[in-house]
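This report concerns only the one structure given below.
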Amino acid sequence: MPTDDKLPEGEDKAVAVQLMFDRIAHRYDLVNRLMTFRMDVGWRRRAVKALDLPRDAKVLDLACGTGDFCNDLMRFGLDPVGLDFSAGMLAAASTDAPLIRADALRLPVIGRSVDGITCGFALRNLTDLTCFFEETSRVLKPGGRIALLDVAEPPNPILRMGHKIYFGKIVPRIGALFSDQNAYKYLPKSVEYLPHPHDLLAGLRAVGFSDASRTLLGGGITQLFVGTLDR
C-alpha cells in the first residue's frame with residue numbers, strides 16, 4: 001500500500017487494498033480490538049439490531065474479512081453468508097458461516113434473493129460506491145434491509161481534533177507494533193475516499209433506499225447507514 005500523500009485510484013486501488021488485507025489478516029481482529037478499545041464489537045451488534053430482520057433471514061456480509069460480522073449475525077438468529085475478495089482474510093476467518101471469495105461490486109448472487117446486507121468499515125476501500133449500492137439493491141428482496149458501518153469524523157471540534165491525533169498518530173504506531181505499519185498509515189488517509197454523508201445518503205436513495213438514514217456512534221467516530229429497499 002502506498003504511503004505517500006497520493007492515494008491509489010481505480011484498479012491500482014483494488015490491487016493495493018487486496019494485497020494489504022492479505023498481509024494484515026492474521027492480526028486484523030487483534031488490532032481492531034486494540035485501536036477501538038473493543039467498541040467495534042458494540043458497533044457491529046448495533047448494526048445487526050438495526051437490520052430488524054426476522055429469525056433465519058438470509059443476510060450477506062460484504063467485505064466480511066475474518067467473519068466477525070457473520071458471527072454477530074448468527075448470534076441474533078440470522079443466516080449469514082460472508083463475501084470478501086481477500087483470500088488472506090478468508091483464510092484467517094473464525095466463523096462457521098459459509099464464506100465466498102468474491103468482489104462486492106460483482107456479486108455472484110441472483111437478484112431479489114436475500115433479506116439483508118451488512119458491510120463493516122469497507123465503503124472507503126471500494127473503487128465504485130455507485131456500483132456497490134446498485135449491487136445491494138439488485139440482490140435484495142423488496143423490503144430488504146441494509147446496515148453499513150464506516151469511520152466518521154466527530155462533529156464536535158474538540159473531539160474531532162482529538163480523534164485526528166489518535167487516528168493519524170497513535171493508530172499507525174499500534175499497527176507497527178502488532179501488524180503492519182504501512183497498512184495502518186493508510187487507514188487514516190483512506191477516510192479521504194469517503195464522500196460527504198449527504199452524498200452517501202443520496203446514493204443510497206437513488207437506488208431504492210428512500211428511507212436511508214445515518215446515525216453517528218462512538219461520539220461521532222463511526223457512522224451507521226440503514227435503509228429499506230422500496231417495495
**OP:** Please work out which residue is surrounded by the fewest Cβ atoms within 10 Å (Cβ to Cβ), limiting yourself to the range 186-221 and to residues that are among the β-branched types (Val, Ile, Thr) and under 23 Å from residue 140 (Cβ atoms).
**Re:** 215
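Answer with yes or no whether residue 133 is within 19 Å of residue 17 (Cβ to Cβ), free of Cβ contacts under 8 Å to residues at least 60 places away in the same chain and among the aromatic types (Phe, Trp, Tyr). Break it down stepwise before answering.
Working: within 19 Å of residue 17 (Cβ to Cβ): yes; free of Cβ contacts under 8 Å to residues at least 60 places away in the same chain: no; among the aromatic types (Phe, Trp, Tyr): yes.
Taking the combined requirement at face value, the residue does not satisfy it.
Tell me which residues, restricted to the range 174-205, are assigned to a helix (DSSP H, G or I), under 30 Å from residue 229 (Cα atoms) and of a type in the set (A, V, I, L, M). Full working, then the answer.
First, pick out the residues of the range 174-205 that are assigned to a helix (DSSP H, G or I): 174-178, 181-193, 197-205.
Filter again for under 30 Å from residue 229 (Cα atoms), leaving 190-193, 197-205.
191, 200, 201, 202, 204 - these are the residues of the range 174-205 that are assigned to a helix (DSSP H, G or I), under 30 Å from residue 229 (Cα atoms) and of a type in the set (A, V, I, L, M).
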**OP:** Please specify each residue of the range 103-124 satisfying the condition of being polar (S, T, N, Q) and buried (at least 21 other Cβ atoms within 10 Å of the Cβ).
**Re:** 118
Subject >> Pairs with Cβ under 9 Å, 6+ apart, first in the range 43-60 and within 14 Å of residue 225 (Cα to Cα), second assigned to a loop (DSSP other than H, G, I, E, B) and of a type outside the set (Phe, Trp, Tyr) >> reply: 48/78; 51/57; 51/78
Subject >> In the range 63-74, the residues that are in contact (Cβ under 8 Å) with a residue 24 or more places away in the chain and over 23 Å from residue 179 (Cβ atoms) >> reply: 73
Original post:
Residues 149, 83, 107: which one is part of a loop (DSSP other than H, G, I, E, B) and aliphatic (A, V, I, L, M)?
Top reply: 107
**OP:** Among the residues of the range 125-141, write down those that are surrounded by fewer than 18 Cβ atoms within 10 Å (Cβ to Cβ) and touching a strand residue (DSSP E or B) at 6+ places or on another chain (Cβ under 9 Å).
**Re:** 141
Original post:
In this structure, does residue 89 turn out to be within 26 Å of residue 212 (Cα to Cα), part of a helix (DSSP H, G or I) and aliphatic (A, V, I, L, M)?
Top reply: no
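Bear in mind that the values in this text are calculations on the coordinates, not laboratory data. For clarity, every value in this text was computed on a predicted model and none was experimentally measured. Methodologically, a virtual Cβ is constructed for each residue, glycine included, from the backbone with ideal geometry; neighbour enumeration extends over all protein chains shown.
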